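Undergrad: Let me begin by handing over the structure; questions about it come next.
The values are calculated or read from the model by the stated rules, or taken from the named source; none is laboratory data. The structure presented is a predicted model; accordingly, all values stated were derived computationally and were not measured. Heads up, the Cβs are rebuilt from the backbone with ideal geometry, glycines too, and the neighbour counts pull from every protein chain shown.
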């Protein structure tokens with residue numbers, strides 16, 4: 001005999017839950033609280049919803065974002081009233097710039113208790129206004145006694161209920177179709193913990209999940225673009241963050257056949273070809289001004305999300321193309337101050353149509369020239385590895401050469417993702433990184449959320465500051481057995497050592513590099529991860545092989561590197577790449 005289903009007896013909570021289900025929200029990350037009890041009760045007793053409990057709201061926001069990143073569907077976070085809500089802001093801003101469908105559900109005091117000094121109360125309406133697709137500020141529904149339930153008051157209640165449904169439905173539809181973050185603020189009056197076995201609200205079957213804001217997928221006339229493509233002898237295609245398998249193998253092969261095109265990819269572009277140009281900085285960092293001008297394209301085509309390379313941004317701003325087209329359904333950023341067209345098509349649809357209707361055998365000498373540069377940089381890169389001692393550089397080389405196929409790789413920001421850019425992207429792995437705002441604040445939490453719904457093994461590669469800053473990301477019960485972390489610990493914010501400034505002062509050590517002597521052993525013991533450590537070249541390869549062979553539970557390998565040698569290696573690397581003798585070989 002099946003048990004009776006349990007619902008919150010608060011009609012507004014039932015309304016929000018029904019709307020979430022109607023719009024495909026299957027995962028809800030809940031942080032503990034009292035004011036959100038009506039929604040917690042409803043979600044946690046609904047078999048359609050998979051609920052997670054994550055105490056730290058900042059971590060919960062990124063955890064949910066990681067789930068959304070993997071599943072590519074709206075995922076909700078739920079918190080109590082007050083400052084709890086503000087802790088979602090870093091994840092909200094990242095989701096906003098990375099176009100991830102994050103649904104923020106915040107419980108609130110009813111209107112008459114706001115601004116009177118009641119505890120755990122802030123002004124929650126529109127709190128994310130600068131970084132949100134839409135804020136639905138719902139209204140509390142008056143509780144009417146039999147005396148009050150006249151026709152006028154009943155009409156008011158119906159009006160509030162209808163407005164609440166309209167606002168919440170719009171928010172949920174936007175999150176799914178845009179996509180991006182939305183905020184639904186929900187006031188609840190006490191009592192909060194009542195339950196019932198029979199719902200008084202049932203909207204699931206009658207709620208439209210479509211939206212006027214749905215991305216426009218109508219056909220785009222590419223005839224004028226095809227003509228411009230044909231005429232341009234120096235074409236550059238630059239791809240930022242792109243979800244794996246966004247481009248078909250056939251489209252990639254056709255793009256590679258056009259010899260008038262230089263295709264620059266990044267680690268997070270998640271596609272490559274022998275005729276493309278990964279490692280952008282490796283190719284262009286050593287170039288002088290005259291040779292950088294040689295790189296200037298007639299036509300620049302960009303797609304995907306944020307571009308990591310600061311150097312390519314500087315080059316294209318100083319030597320802008322005649323035309324810049326951005327291809328994609330999301331907002332087109334004028335990153336290089338020369339955007340001429342936003343073509344609202346998927347990159348696959350655009351390239352498939354463009355390349356099937358234009359010639360791909362045009363030889364302008366543009367790619368041929370840069371192929372020779374790429375070849376010379378590759379030779380210098382390998383020679384440099386033979387010259388240098390144990391350092392961050394040699395560690396990342398070893399990691400990428402030994403990565404097992406079939407893994408999903410999450411990469412933290414700052415030095416880590418920039419080192420990744422200098423090496424070949426291994427086949428059979430996919431890369432993810434929070435590049436919307438490029439912060440270090442949620443790398444662990446995002447990776448764990450991602451891993452919790454990922455069928456493939458997930459590996460987080462992180463620097464020390466990113467890891468320790470977000471160590472609460474391990475404070476939950478959802479770290480799967482096939483989740484691993486490689487922590488490259490150089491004792492501080494190593495990226496600041498390669499930036500301009502005097503590095504031999506106490507203030508630099510304290511306020512920029514923020515040196516420390518922490519290791520992860522105690523955190524691993526507390527959170528139940530198997531821990532291993534290495535700090536020298538001799539043991540590095542055996543430690544990595546043993547770590548990748550480990551399959552009995554979550555694990556962390558800490559690799560310690562010399563704090564004051566890494567910047568010297570990296571800065572001298574680019575000088576070494578630019579030595580003329582490599583261009584002559």
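Undergrad: Within the range 34-84, count every residue that is within 27 Å of residue 190 (Cβ to Cβ), touching a strand residue (DSSP E or B) at 6+ places or on another chain (Cβ under 6 Å), part of a loop (DSSP other than H, G, I, E, B) and touching a residue at least 60 places away in the same chain (Cβ under 8 Å).
TA: Going through the range 34-84, the residues within 27 Å of residue 190 (Cβ to Cβ) turn out to be 34-46, 49, 51-57, 60-61, 76-84.
Imposing the further condition that a residue be touching a strand residue (DSSP E or B) at 6+ places or on another chain (Cβ under 6 Å) reduces the set to 35-36, 38-44, 49, 51-54, 57, 60-61, 76-81.
Still in the list and also part of a loop (DSSP other than H, G, I, E, B): 35-36, 49, 54, 80-81.
Imposing the further condition that a residue be touching a residue at least 60 places away in the same chain (Cβ under 8 Å) reduces the set to 35-36, 54.
The total comes to 3.
Undergrad: Determine whether the range 528-536 contains at least one residue that is at pLDDT below 95, in contact with a strand residue (DSSP E or B) (Cβ under 9 Å, 6 or more places away or on another chain) and surrounded by fewer than 18 Cβ atoms within 10 Å (Cβ to Cβ).
TA: Of all residues in the range 528-536, those at pLDDT below 95 come to none.
Scanning the range 528-536 turns up no residue that is at pLDDT below 95, in contact with a strand residue (DSSP E or B) (Cβ under 9 Å, 6 or more places away or on another chain) and surrounded by fewer than 18 Cβ atoms within 10 Å (Cβ to Cβ).
Undergrad: Mind checking which residues of the range 272-293 are in contact (Cβ under 8 Å) with a residue 40 or more places away in the chain and assigned to a helix (DSSP H, G or I)?
TA: 280, 281, 282, 283
Undergrad: Here is a follow-up. Based on what the data block shows, is residue 269 in contact (Cβ under 8 Å) with a residue 24 or more places away in the chain and under 20 Å from the mean Cα position of the chain (by Cα)?
TA: Here the answer is yes, as residue 269 does meet what is asked.
Undergrad: Can you pull out the residues in the range 407-427 that are out of contact with any strand residue (DSSP E or B) (no Cβ under 7 Å at 6 or more places or on another chain), part of a loop (DSSP other than H, G, I, E, B) and surrounded by fewer than 22 Cβ atoms within 10 Å (Cβ to Cβ)?
TA: 421, 423, 424, 426, 427
Undergrad: Shifting gears a bit: How many residues are crowded, with 18+ Cβ neighbours inside 10 Å, within 12 Å of residue 299 (Cβ to Cβ) and out of contact with any helix residue (DSSP H, G or I) (no Cβ under 8 Å at 6 or more places or on another chain) if we restrict to the range 327-368?
TA: 1
Undergrad: For residue 300, state whether it is outside any helix (DSSP H, G or I), under 18 Å from residue 369 (Cα atoms) and at pLDDT 95 or above.
TA: yes
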